[in-house]
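The values are calculated or read from the model by the stated rules, or taken from the named source; none is laboratory data. Nothing here was measured: the structure is a model prediction, and the numbers come from that model. Quick reminder, even Gly has a Cβ in these numbers, built from the backbone with ideal geometry, and neighbours come from all protein chains shown. What goes into the accessible areas is simple: the full protein's heavy atoms, side chains included, and nothing from ligands, DNA or RNA. Shrake-Rupley method; radii C 1.70, N 1.55, O 1.52, S 1.80 Å.
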Amino acid sequence: MQKLDFWLRNPDYLADELLTKYEANNEARLLELAGLILDSEEPEVRCYPMLRHHFGAYEPLDDALAVLRSAGLVARRRRGTVSRVRQHDYFLLTAGRTVVREVLQQAPAFQYYVDRVGLVLDLADGRGGSQLKKQQYLQREYAEAARGDRIGSVSVRARARLERLRGQARDRGAQERG
């Protein structure tokens, strides 16, 4: 969950991952989505940096989720043994779904988060935390952040990469037409 949360809270990293996936399969939609993020102020305005911890990006979830759990909106299940919890699974309960629908109806601006979560899950493509961590550590800014420090932005580098890839796509399109 921490690895997914990282992409949600850092739109510049999310866009850069979309560019990586675009380079792998040339799916124009991915270049377009990355452009929508990087051509806007989203990486600066919607960024909520995370700390670099032992195993990558980290933010304690218990405090935030305790509010939702105490209201009966989410449930947590632990996997493992009493002495060693391997994994926490979180479930949005029926009451939570009702609240989400009400919030979206009353404040449509929150649809942004629903859409971004969908995009993050698509990008994760079923990969688990260890696989996502390896992918995120490929980013120099992420890997070189000192433990306990906030992970720095990649927006400048990602925007330059976007422009380079757009140029290549234009060149490819011109060759195909000409």
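Things to note:
- Helices (runs of 4 or more DSSP H) (entirely within segment 25-78) containing at least 3 residues that are touching a Pro at 6+ places or on another chain (Cβ under 9 Å), modelled with pLDDT of 95 or more and open to solvent by 100 Å² or more (accessible area, probe 1.4 Å): none
- Matching residues, segment 92-128, being surrounded by fewer than 13 Cβ atoms within 10 Å (Cβ to Cβ) and not in a helix (DSSP H, G or I): ALA107, ASP125, GLY126, GLY128
- Subset of segment 9-24 [in a helix (DSSP H, G or I) and open to solvent by less than 40 Å² (accessible area, probe 1.4 Å)]: ARG9, PRO11, ASP12, TYR13, LEU14, ALA15, ASP16, GLU17, LEU18, LEU19, TYR22
- Once segment 79-89 is narrowed to residues that are of a type outside the set (Val, Ile, Thr) and open to solvent by 60 Å² or more (accessible area, probe 1.4 Å), the residue that is farthest from GLN2 (Cα to Cα) is SER83.
- Positions within segment 129-161 being surrounded by 15 or more Cβ atoms within 10 Å (Cβ to Cβ) and basic (Lys, Arg), in sequence order: LYS133, ARG159, ARG161
- Checking each residue in segment 31-45 for being without any contact (Cβ under 8 Å) to a residue 60 or more places away in the chain and closer than 9 Å to PRO11 by Cα picks out ILE37, GLU42.
- Boolean, GLU23 is of a type outside the set (Phe, Trp, Tyr) and without any contact (Cβ under 8 Å) to a residue 60 or more places away in the chain: no
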